[in-house]
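**Q** Submitted below is the structure of interest, expressed as structure tokens.
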Amino acid sequence: MFMMDLYMIFIGLLILILGVMFGIVFLTFLERKVLGYIQIRKGPKKLGLVGIMHPFSDAMKLFTKKQTYPNYSNYFCYYFSPIVSFLMSLFIWMLIPYYFNMISFNLGVLFFFCSISLGVYTVMIAGWSSNSNYSLLGGLRAVAQTISYEVSLALIFMSSLLLVMDFNFLMFFNYQKLMWFIFLMLPLSLCWVSSMMAETNRTPFDFAEGESELVSGFNVEYSSGSFALIFLAEYSSILFMSFLFVMIYMGGYELNLLFYLKLSLISFLFIWVRGTLPRYRYDKLMYLAWMGYLPVALNFLLLFIGVKIFLF
């Protein structure tokens with residue numbers, strides 16, 4: 001019986017990974033269509049119905065192209081960092097608190113922060129091992145940015161944890177049945193939105209991949225399958241961050257259509273911001289994290305500690 005349970009968990013995880021992969025495929029398609037309409041053009045529309053097969057042809061093209069390797073790169077690190085990055089981005093999807101047949105973490109929040117912290121190393125190694133000045137500069141920027149905004153995310157999250165007093169993500173649903181946390185802590189939720197954009201290297205904080213400044217940043221030497229894996233890891237992180245925002249601030253995890261509509265809305269927000277806002281300046285990005293979000297998060301944390309002590 002125990003082995004059967006393990007097999008069922010394994011099959012469930014495989015189905016979850018397949019679902020995430022399809023989600024990433026259609027998120028890229030949605031992004032190209034939405035950006036097209038924002039820029040008053042059509043976007044991909046040739047392959048299949050309204051261009052729906054376009055992401056699949058892109059994937060086939062990328063994975064069948066010849067892989068190039070820089071002569072002076074540190075080959076082992078260069079080759080494996082995109083693979084590890086992609087695996088790490090899939091790893092955190094185990095945190096989805098299904099009610100049945102899956103892994104339910106009592107310390108899911110800690111696992112999440114450990115996983116995103118490990119993601120920093122893959123970007124750093126990818127930038128360094130290419131042995132290119134452009135990629136090294138992109139990697140250094142990415143590391144500084146990601147570490148800064150991990151601190152911001154952790155401190156913002158602590159206010160929600162104080163209200164729930166549990167590291168299990170399932171608890172967020174139980175505590176938001178009557179009122180979503182976004183109404184209780186609107187400024188913090190807005191800080192979380194911009195912090196998760198910075199954490200996933202998305203516009204307007206895409207300094208690690210600043211094409212106009214750094215010739216594509218840390219992934220400048222990557223091509224074909226390796227580039228595709230870095231791309232997939234980024235979009236997997238976007239989907240997971242959207243899922244996390246809905247779980248913490250918009251009613252928690254529930255198995256219904258409304259949950260997935262909320263998830264799609266936050267994912268759409270990432271794309272909308274990309275089509276609307278210009279890139280931020282790098283020194284202002286750091287100033288925003290350490291002189292903006294840090295004091296706000298700490299003040300809210302003190303407020304919630306005071307409320308808990310006063311009420312209980």
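The values are calculated or read from the model by the stated rules, or taken from the named source; none is laboratory data. Computed from a predicted model, the values in this text were never measured in an experiment. Every residue, glycine among them, receives a Cβ derived from its backbone with ideal geometry; neighbour counts consider all protein chains shown.
**Q** Does region 35-53 hold any residues that are touching a residue at least 12 places away in the same chain (Cβ under 8 Å) and in contact with a helix residue (DSSP H, G or I) (Cβ under 6 Å, 6 or more places away or on another chain), and which are they?
**A** Listed by number, the residues that qualify are Leu35, Ile38, Pro44.
**Q** Related question: Within region 195-312, which helices (runs of 4 or more DSSP H) (wholly inside it) include 3 or more residues that are of a type in the set (S, T, N, Q) and farther than 30 Å from Trp128 by Cβ?
**A** Details: elements: 211-214, 224-249, 257-276, 282-287, 294-311.
Of the helices (runs of 4 or more DSSP H) lying wholly inside region 195-312, those with at least 3 residues that are of a type in the set (S, T, N, Q) and farther than 30 Å from Trp128 by Cβ span 257-276.
**Q** So, one more: Here are some conditions: (1) surrounded by 12 or more Cβ atoms within 10 Å (Cβ to Cβ); (2) over 22 Å from Glu234 (Cβ atoms); (3) of a type in the set (A, V, I, L, M, F, W, C). Ile17 meets all but one. Which one does it not meet?
**A** (2)
**Q** May I ask you to say which residue of Ser104, Ser89, Ser117 is surrounded by 22 or more Cβ atoms within 10 Å (Cβ to Cβ) and of a type in the set (Gly, Ala, Ser)? Please lay out each step first, then the result.
**A** Values: Ser104 fails: surrounded by 22 or more Cβ atoms within 10 Å (Cβ to Cβ); Ser117 fails: surrounded by 22 or more Cβ atoms within 10 Å (Cβ to Cβ).
Just a single option satisfies the conditions, and that option is Ser89.
**Q** A further question on this structure: Do we have any residue at all in region 243-252 that's under 23 Å from Gly19 (Cα atoms) and touching a Leu at 6+ places or on another chain (Cβ under 7 Å)?
**A** Within region 243-252, one or more residues are under 23 Å from Gly19 (Cα atoms) and touching a Leu at 6+ places or on another chain (Cβ under 7 Å).
**Q** Turning to a different aspect of this structure: Hey, among Gly36, Gly48, which residue is modelled with pLDDT of 85 or more, farther than 29 Å from Pro97 by Cα and small (Gly, Ala, Ser)?
**A** Only one candidate passes the filter, namely Gly36.
**Q** Further question: So Lys33 fits all but one of (1) surrounded by 12 or more Cβ atoms within 10 Å (Cβ to Cβ); (2) closer than 20 Å to Ser224 by Cα; what number is the exception?
**A** If we test Lys33 against (1) surrounded by 12 or more Cβ atoms within 10 Å (Cβ to Cβ); (2) closer than 20 Å to Ser224 by Cα, just (2) comes out false.
**Q** Also, I was wondering about something else. Here are some conditions: (1) farther than 27 Å from Phe167 by Cα; (2) out of contact with any helix residue (DSSP H, G or I) (no Cβ under 9 Å at 6 or more places or on another chain). Leu258 meets all but one. Which one does it not meet?
**A** (1)
**Q** Moving on. If you check Leu27 against the conditions, is it in a helix (DSSP H, G or I), over 27 Å from Tyr98 (Cβ atoms) and modelled with pLDDT of 85 or more?
**A** It is false that Leu27 is in a helix (DSSP H, G or I), over 27 Å from Tyr98 (Cβ atoms) and modelled with pLDDT of 85 or more.
**Q** Out of Met94, Met88, Met60, I need the residue that is of a type outside the set (D, E, K, R) and touching a Ser or Thr at 6+ places or on another chain (Cβ under 7 Å). Which one?
**A** Met88
**Q** Failed condition for Tyr79, given (1) surrounded by 14 or more Cβ atoms within 10 Å (Cβ to Cβ); (2) at positive phi, with all others met?
**A** Among (1) surrounded by 14 or more Cβ atoms within 10 Å (Cβ to Cβ); (2) at positive phi, the lone unmet condition for Tyr79 is (2).
**Q** Somewhere in region 162-184, is a residue hydroxyl-bearing (Ser, Thr, Tyr), in contact with a Leu (Cβ under 6 Å, 6 or more places away or on another chain) and at pLDDT 90 or above?
**A** In the first step, residues of region 162-184 are kept if they are hydroxyl-bearing (Ser, Thr, Tyr); the result is 175.
Applying the additional criterion that residues be in contact with a Leu (Cβ under 6 Å, 6 or more places away or on another chain) yields none.
For region 162-184, residues hydroxyl-bearing (Ser, Thr, Tyr), in contact with a Leu (Cβ under 6 Å, 6 or more places away or on another chain) and at pLDDT 90 or above: absent.
**Q** Looking only at region 131-141, which residues are surrounded by fewer than 23 Cβ atoms within 10 Å (Cβ to Cβ) and either without any contact (Cβ under 8 Å) to a residue 60 or more places away in the chain or not polar (S, T, N, Q) (or both)?
**A** Listed by number, the residues that qualify are Asn133, Tyr134, Leu136, Leu137, Leu140.
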